[in-house]
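S.K.: Just dropping this structure here.
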Amino acid sequence: MTVELTPEIKKIQETVVGMYSEHPWPSHRDADEEMGWRLKCLGVRPEHYQGKNVLELGCGTGEYALWYAMKGAAHVTGVDLSDGSLALARQRKKEAGLDHAEFIKMDILNCDLPDNHFDYSYSVGVLHHTGDPLRGFKHLVRVTKPGGVVIVSLYNSYSRRILRCKQTFCKWVGGDDLDKRVACGERFFGGTMRKLDKRYHGVNTKQIAYDIFGFPHESLHSASEVMGWFDRTGVEYIGAFAPLRIRDYFYAFQQPEYARFRATFEGFPVMRAVSDLMTKLARRLGPKEGSVPPFPRPGELSMFMSQAMWIAFGLRFNCFTMAGIKRR
Ligand SMILES: C[S@@+](CC[C@H](N)C(=O)[O-])C[C@H]1O[C@@H](n2cnc3c(N)ncnc32)[C@H](O)[C@@H]1O
């Protein structure tokens with residue numbers, strides 16, 4: 001059933017989708033570099049998506065959706081509202097000959113996909129742009145089968161704060177003109193741009209500038225808030241990225257997939273050094289009891305401490321991800 005959007009949300013949607021149509025995100029990304037380690041930390045195993053029906057709400061240019069299609073998903077559906085992004089996703093799918101992936105134009109706040117249909121559903125970096133993230137999340141859970149995996153990734157209210165100050169300045173300078181905001185970001189916050197440019201290996205500089213400084217609308221969220229969404233919608237927590245309990249970091253840094261992920265710390269030398277040190281420590285100390293997936297639900301203090309730590313990681317972990325299983 002379609003529910004009429006409020007004028008405020010309609011306006012948000014028009015500006016957000018308009019921007020991503022003109023400046024599709026990410027346009028280029030090596031998904032393989034980050035997925036292995038991230039999924040391990042989320043408590044997700046290949047059997048959760050291999051041979052399964054997978055959904056991405058807000059697929060952008062389709063890098064993640066096509067990754068799952070390449071890694072053995074039976075069928076992958078990507079949903080987005082931006083024509084520019086969908087065109088790139090479809091072109092890539094065709095080039096890669098991945099006929100079991102499809103990209104559909106649809107509003108995720110009025111998602112009319114069937115109930116209990118997908119085995120594995122996720123939304124990465126999208127709901128915070130919609131003006132009503134919980135409504136989008138409820139659709140994500142609704143369309144997932146009981147026993148299926150649900151993953152959501154959102155801007156974090158702790159680690160994105162510093163960037164938010166820079167964005168506020170750009171918004172003040174550029175007003176509603178997104179090109180002016182981006183020009184301001186490039187001019188005054190070149191260091192931020194350079195870091196992210198290195199992290200994405202220099203392949204989508206302009207798209208980064210729009211994603212970071214164009215930002216027509218974005219909301220910030222905490223792990224505790226998302227845990228509340230899980231409780232309201234019947235989703236049982238299985239893991240987070242970055243981890244939400246200190247001891248889960250020991251598990252994370254023992255995983256061989258970290259070696260590949262390490263390339264995404266390009267531009268973040270301090271963080272890379274700390275992570276390398278953690279790898280050595282974790283190997284020496286060994287896994288702690290109870291620190292293997294599915295990870296136990298973190299308490300409020302653990303969540304607070306992990307997120308406080310992400311402030312130091314800043315930009316590199318300004319988006320956090322939580323995974324769960326929809327209860328049967
Ligand atoms: C930052 S991009 C994320 C793309 C992709 N998930 C990724 O991380 O590679 C955000 C995407 O959300 C889409 N989007 C925003 N609001 C939407 C809505 N209400 N319905 C469908 N897509 C939406 C935008 O068009 C854009 O492609």
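The values are calculated or read from the model by the stated rules, or taken from the named source; none is laboratory data. Every value quoted in this text rests on a predicted model; they were computed, and no experiment measured them. Cβ placement follows ideal geometry from the backbone for every residue including glycine, while neighbour counts extend to all protein chains displayed.
S.K.: Any residue at all in the range 273-292 that is acidic (Asp, Glu) and either within 20 Å of Asn156 (Cβ to Cβ) or within 20 Å of the chain's Cα centre (by Cα) (or both)? Full working, then the answer.
M.R.: To start, the set of residues in the range 273-292 that are acidic (Asp, Glu) comprises 276, 289.
So of that shortlist, the ones also either within 20 Å of Asn156 (Cβ to Cβ) or within 20 Å of the chain's Cα centre (by Cα) (or both) come out as none.
For the range 273-292, residues acidic (Asp, Glu) and either within 20 Å of Asn156 (Cβ to Cβ) or within 20 Å of the chain's Cα centre (by Cα) (or both): absent.
S.K.: Additional query: I'd like the full set of residues that are β-branched (Val, Ile, Thr) and either touching a helix residue (DSSP H, G or I) at 6+ places or on another chain (Cβ under 6 Å) or not in a helix (DSSP H, G or I) (or both), limited to the range 239-267. Explain how you work it out, then say what you get.
M.R.: Start the filter on the range 239-267 by keeping residues that are β-branched (Val, Ile, Thr), which leaves 246, 264.
Selection gives Thr264 alone.
S.K.: Which count do you get for residues in the range 89-107 that are buried (at least 21 other Cβ atoms within 10 Å of the Cβ) and under 19 Å from the mean Cα position of the chain (by Cα)? Spell out how you get there, then give the answer.
M.R.: Step one: filter the range 89-107 for residues buried (at least 21 other Cβ atoms within 10 Å of the Cβ), giving 89, 93, 101, 103.
Narrowing further to those that are under 19 Å from the mean Cα position of the chain (by Cα): 89, 103.
The total comes to 2.
S.K.: What helices (runs of 4 or more DSSP H) completely inside the range 42-108 contain at least 1 residues that are on the phi < 0 side of the Ramachandran plot and near the ligand (Cβ under 8 Å from one of its atoms)?
M.R.: Values: elements: 46-49, 63-70, 83-96.
Of the helices (runs of 4 or more DSSP H) lying wholly inside the range 42-108, those with at least 1 residues that are on the phi < 0 side of the Ramachandran plot and near the ligand (Cβ under 8 Å from one of its atoms) span 63-70, 83-96.
S.K.: A follow-up question, please. Taking the condition within 24 Å of His23 (Cα to Cα) and in contact with a Gly (Cβ under 6 Å, 6 or more places away or on another chain), does Thr130 pass?
M.R.: Values: within 24 Å of His23 (Cα to Cα): yes; in contact with a Gly (Cβ under 6 Å, 6 or more places away or on another chain): yes.
Yes.
S.K.: Take residues that are touching a Phe, Trp or Tyr at 6+ places or on another chain (Cβ under 9 Å) and not assigned by TED's automatic domain parsing to the domain that holds Glu33 and tell me which of the helices (runs of 4 or more DSSP H) falling wholly in the range 141-238 contain 1 or more. Don't jump to the end; show me each part of the working.
M.R.: Details: elements: 161-174, 178-188, 190-199, 205-209, 223-233.
Hits in the range 141-238: 161-174, 178-188, 190-199, 205-209.
S.K.: Is there a residue in the range 5-26 that is under 19 Å from His128 (Cα atoms), modelled with pLDDT of 95 or more and in a strand (DSSP E or B)?
M.R.: no
S.K.: Given the conditions (1) modelled with pLDDT of 95 or more; (2) assigned to a loop (DSSP other than H, G, I, E, B); (3) over 18 Å from Val226 (Cβ atoms), which single one is not true for Gly131?
M.R.: All conditions pass for Gly131, except number (3).
S.K.: Spot the failing condition for Asn116; the list is (1) outside any helix (DSSP H, G or I); (2) without any contact (Cβ under 8 Å) to a residue 60 or more places away in the chain; (3) at negative phi, and only one is missed.
M.R.: That leaves (3) as the condition not met.
S.K.: Kindly provide the set of residues from the range 112-153 that are farther than 24 Å from Gly51 by Cβ and more than 11 Å from the ligand (Cβ to nearest atom), ordered by number.
M.R.: The answer is Asp112, Leu134, Phe137, Lys138.
S.K.: If Val270 meets every condition in (1) outside any loop (DSSP other than H, G, I, E, B); (2) farther than 19 Å from Ile151 by Cβ; (3) in contact with a helix residue (DSSP H, G or I) (Cβ under 6 Å, 6 or more places away or on another chain); (4) not aromatic (Phe, Trp, Tyr) apart from one, which number is that one?
M.R.: (3)
S.K.: Further, regarding this structure: Specify the residue that is farthest from Ala263 (Cα to Cα); the eligible residues are those in the range 183-208 that are among the charged types (D, E, K, R) and surrounded by fewer than 16 Cβ atoms within 10 Å (Cβ to Cβ).
M.R.: Filtering the range 183-208 down to residues among the charged types (D, E, K, R) leaves 186-187, 194-195, 197-199, 206.
Of the ones still in play, those that are also surrounded by fewer than 16 Cβ atoms within 10 Å (Cβ to Cβ) are 187, 194, 198, 206.
Details: Arg187: 27, Arg194: 15, Lys198: 10, Lys206: 21 Å.
So, considering only residues that are among the charged types (D, E, K, R) and surrounded by fewer than 16 Cβ atoms within 10 Å (Cβ to Cβ), the one farthest from Ala263 (Cα to Cα) is Arg187.
S.K.: Name the pairs: first residue in the range 147-168 and at positive phi, second residue of a type in the set (A, V, I, L, M) and assigned to a strand (DSSP E or B), Cβ to Cβ under 9 Å, at least 6 apart or on different chains?
M.R.: Once the first residue is at positive phi and sits in the range 147-168, its partners that are of a type in the set (A, V, I, L, M) and assigned to a strand (DSSP E or B) give Gly147/Ile325.
S.K.: Sticking with this structure for a sec: For Lys206, indicate whether it is more than 20 Å from Leu127 (Cβ to Cβ), at pLDDT 90 or above and of a type outside the set (S, T, N, Q).
M.R.: Numbers: more than 20 Å from Leu127 (Cβ to Cβ): yes; at pLDDT 90 or above: no; of a type outside the set (S, T, N, Q): yes.
No.
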